[in-house]
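Here is the structure we will look at, set down as C-alpha cells.
Each reported figure results from applying straightforward, stated rules to the coordinates on display, with no laboratory input. From a predicted model like this one, the values you see are computed outputs, not experimental measurements. Heads up, the Cβs are rebuilt from the backbone with ideal geometry, glycines too, and the neighbour counts pull from every protein chain shown.
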Amino acid sequence: MSDLRRNDALELCKGDCEIGWRRNRRALDLGDPADNGKPTSREAAKKAKPRVVAIRKRILDRAASCRSRGTICEEAPIALNLRTPTANGQFSELMEAGFLRNTGRTRDTTSGTPAAVYVVPKGAGDG
C-alpha cells in the first residue's frame, strides 16, 4: 500500500475516548487462541495469548479513535502496521464478542469494494 494511503488511514481517525476495555484489560480475554489439538499447537496458543489480547486492545483503541466515522476491517492492519490475517482474525473475534458493532453503513476498500463500517458501542467491555 502506498505511503499516501497509509497516511490517509492514520489521519482519518484521530482522537481518544475512555471506555471499558481500557480500564479492564481482562475484558479482552475472549478465551484461548485457536489450536488444532496437538501439543505444540496448544503450547503456541498459550504463549500467543498475551500478544493476542494486546492486538485486540490496539484494534479497539484505533476503532474508538474513529468515533462515529467508524472503521472497516481493512483499515486496522494498515493503521496499526499488523499483518492482515492477524488483524482480521482479531477484528472478527471482537465483532462476535460485541466489542465492535456494525453500523449498517459501508465504505469502499482500497480495491473499491464496499465493506461494513464498525464502531465501538458505548460501554463496550465495562462488564
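Would you order K49, K57, K38 from fewest to most other beta-carbon atoms within 10 Å of each residue's own beta-carbon?
In order of increasing Cβ crowding within 10 Å: K38, K49, K57.
If you rank T86, T113, T106 by fewest surrounding Cβ atoms within 10 Å, what's the result?
Details: T86 16, T113 9, T106 13.
Sorted ascending by nearby Cβ count, the order is T113, T106, T86.
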Query raised in the report: Mind checking the dipole of the range 44-95: about its Cα centre, +1 per Lys or Arg Cβ, -1 per Asp or Glu Cβ, Debye to the nearest 20?
Result: 320
Requested in this report: Select from L80, G104, A115 the residue farthest towards the positive end of the dipole of the range 65-121; place +1 on Cβ of Lys and Arg, -1 on Cβ of Asp and Glu, and compute about the Cα centre.
Outcome: G104
Query raised in the report: With each pseudo-label sitting 7 Å past Cα toward Cβ, what's the R83-T113 distance in nm, one decimal?
Result: 2.1
Query raised in the report: Can you put D61, D108 in order, fewest other beta carbons within 10 Å first?
Result: D108, D61
